[in-house]
Amino acid sequence: MLTETFQRDGPARGFMRDSTNWEPTAYRTHTIGQVVAAGESLVGSEVTIAGYAETVRGRGAICFLMLRDGTGRIQAFLKKDNMDDDLFDSIQSSTRESTIQITGKVAKKRPPKVPEGDPLPPPEFEVNAEDGMILAVSETPLPVGVTDEVNVGLDVRLDNRHLDLRRAHVNAMFQLRSKVLQYGREHLISEGFQEINSPKIIAAAAEGGTNLFPMKYFETDAYLSQSPQLYKQLAVLGGLERVFEIGAAFRAEKHDTYRHLNEFVSFDIEGAWMDDEDVMGVQERMISHIWCKISENDMGLIDAVNEYRESQGKDPVTVEAPALPFPRIPYCEAIDIVKQGGGEISWGDDIESHHCDIIAEKYPGFHFIPRWPMSMKPFYIHHKEGEEGSTGGQLSRGFDLNYGRDEMTSGGAREHRVEVLEQNLRDVGLDPSDFTFYTDGFRYGAPPHAGWGLGVARLLMVLTGAGNVREVVLFPRDRSRVTP
RNA sequence: GCCCCGAUGGUGUAGUGGCCUAUCAUGCAGCCCUGUCGAGGCUGCGACCCGGGUUCAAAUCCCGGUCGGGGCGCCA
């Protein structure tokens, strides 16, 4: 039923960008979206448009060319009588996805035949071509069909991402990615955070815990940064107060799952005079803002994703701003929930994916898991003496944000007492003298502070219903893929 | 690193020892058509991952390799 709707209406239109204010360029007087939107008022005017040839329907002495640019689709009507013979023939025989420029007058399109009794669709407009040019010919066959209704495997799609991106729902997902970053920035700026950029090339002896990619930096050894953690803290210690960064992080882990990549974009914040509860608040307000803005402004993009999902027999995704505050399920309580749900776990164990499944039955949406054991958190996480778990172990002020079974965020209050910091380093087998670039930042008065890092692709998975982070990363880097 | 599964035209698939000079869809190429719009009609094109082995006979069974998928582990 839904599939029929998808097919009858043709490919999604909701992913087309609003180009109301776009200026003319060297290759066009109007975007296709402008012609479609202006409609009636442009009838009789000459326009030059350019786009991809989505379909070319030849009909002897006439020809229908469906052109698509990033802002819309429109039909160009070509008549042999109205233009140069050779040009007509070359356009009529051009291949799908070739880029073509068309000049002609806007006209009202003849209404399509509809089944008896069905209402006529609203009037549409077309361009009666008088001149044109093939800008670049597409080779055939396409390795990934742009409008074909056949499934394509993810690997083939990623090998041909440049074509995959032309597909409506894929294009929509990357526009949504841009919107998520935009609204996230917008919100943080409104709360006084400033954007920073930390170095991605770092010296040896980083945080430990994860494997780093080594590289040669002139004559010395260096590594690709696993996280902006230490640097965003230094920025806060230095007086920038509230900072955020959206940047790449690299981890040389040989994982191979739907949610891990070896290069990923992390959305990080750090704020002075804040504790874990404060930054959880920032996070839930930011996510709520993103979801609100998407549902206000960008449902056309979600529709494009859903039209595809429907054609694949999948449930549509919905965008409803989650209620605030998000549930807080302290680590100790989470352990109890897992035990009650029949999971094998004891205090001090990591909460693994299959444990998260049990918790997600009770808390299917966003939820925080604060107060992890200190022994499970990195050395820079703050703890308060006397805050102990059910078996007496020291608790930390570190937290995770999960959605269902998936971890979105890791964060916490940071240790600002330099002597505790140095002891923490020794406790995890690191040498404080390797971290003076970092610990020195705490020697001259350090504000208590807190922050978090959010996996952008994981958040996008939630928003778009993508089952794999690779769907929402342009050119993903995993264990076996470094190209394209 | 472990366990399981898979690889058939450009793409997605059917096929479980002979019925396969291999199914279907989509695509591509050509022809017909002066208003198509999921265009239509007709005619073509194009594939069993690689290397060994078993068998009278292998897309199909076995071994090795390569590539891919799923699950797990590892993972601020």
(request) For the range A:157-167, indicate whether the set of residues that are touching a Lys or Arg at 6+ places or on another chain (Cβ under 7 Å), closer than 30 Å to A:Glu40 by Cβ and in a loop (DSSP other than H, G, I, E, B) is non-empty. (result) no
(message) Testing A:Leu234 on (1) under 19 Å from the mean Cα position of the chain (by Cα); (2) assigned to a helix (DSSP H, G or I), one condition comes back false. Which one is that?
(response) (1)
(message) List the strands (runs of 3 or more DSSP E) inside the range A:314-417, counting only whole elements, that have at least 1 residues being more than 30 Å from A:Gly465 (Cβ to Cβ) and either of a type outside the set (A, V, I, L, M, F, W, C) or out of contact with any Cys (no Cβ under 9 Å at 6 or more places or on another chain) (or both).
(response) A:406-413
(request) Considering only the range A:135-164, state which residues are open to solvent by less than 70 Å² (accessible area, probe 1.4 Å), more than 8 Å from RNA strand B (Cβ to nearest atom) and free of Cβ contacts under 8 Å to residues at least 60 places away in the same chain. (result) A:Ala136, A:Asn160, A:Asp164
(message) I'm trying to understand the selection: among the residues of the range A:86-124, which are at pLDDT 85 or above, of a type in the set (Val, Ile, Thr) and assigned to a loop (DSSP other than H, G, I, E, B)?
(response) A:Thr95
(message) Which condition from (1) outside any helix (DSSP H, G or I); (2) away from RNA strand B (no atom under 16 Å from the Cβ) is the one that A:Asn306 breaks?
(response) (1)
(request) Tell me, please, whether a residue that is in a strand (DSSP E or B), more than 11 Å from RNA strand B (Cβ to nearest atom), touching a residue at least 12 places away in the same chain (Cβ under 8 Å) and closer than 30 Å to A:Gly313 by Cα can be found in the range A:45-59. (result) yes
(request) Go through A:Arg73, A:Arg96 for me and flag whichever is within 29 Å of A:Gly145 (Cβ to Cβ) and either open to solvent by 80 Å² or more (accessible area, probe 1.4 Å) or in the same structural domain as A:Gln175 (by TED's automatic domain parsing) (or both). (result) A:Arg96
(message) Tell me yes or no: at least one residue of the range A:194-207 is assigned to a strand (DSSP E or B), surrounded by 16 or more Cβ atoms within 10 Å (Cβ to Cβ) and within 11 Å of RNA strand B (Cβ to nearest atom).
(response) yes
(request) Could you check A:Met215 against (1) within 16 Å of RNA strand B (Cβ to nearest atom); (2) open to solvent by 50 Å² or more (accessible area, probe 1.4 Å); (3) modelled with pLDDT under 90 and say which number it fails? (result) (1)
(message) Can you find, within the range A:460-478, the residue that is farthest from RNA strand B (Cβ to nearest atom) among those that are more than 19 Å from A:Thr409 (Cβ to Cβ), in a loop (DSSP other than H, G, I, E, B) and modelled with pLDDT of 90 or more?
(response) A:Leu474
(message) When you scan the range A:89-98, do you find a residue that is within 30 Å of the chain's Cα centre (by Cα) and more than 16 Å from RNA strand B (Cβ to nearest atom), even just one?
(response) no
(request) Spot the failing condition for A:Leu188; the list is (1) open to solvent by less than 60 Å² (accessible area, probe 1.4 Å); (2) of a type outside the set (S, T, N, Q); (3) outside any loop (DSSP other than H, G, I, E, B); (4) farther than 27 Å from A:Ile246 by Cβ, and only one is missed. (result) (4)
(message) Exactly one condition in (1) free of Cβ contacts under 8 Å to residues at least 12 places away in the same chain; (2) part of a strand (DSSP E or B) is false for A:Gly132; which is it?
(response) (1)
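The values are calculated or read from the model by the stated rules, or taken from the named source; none is laboratory data. Small disclaimer: the values here were computed from a predicted structure and weren't measured. For neighbour counting, all protein chains shown are included, and Cβ atoms are generated from backbone atoms with ideal geometry for every residue, glycine included. Please note that ligands, DNA and RNA were not included when accessible areas were found on the heavy atoms of the full protein model with its side chains. Shrake-Rupley method; radii C 1.70, N 1.55, O 1.52, S 1.80 Å.
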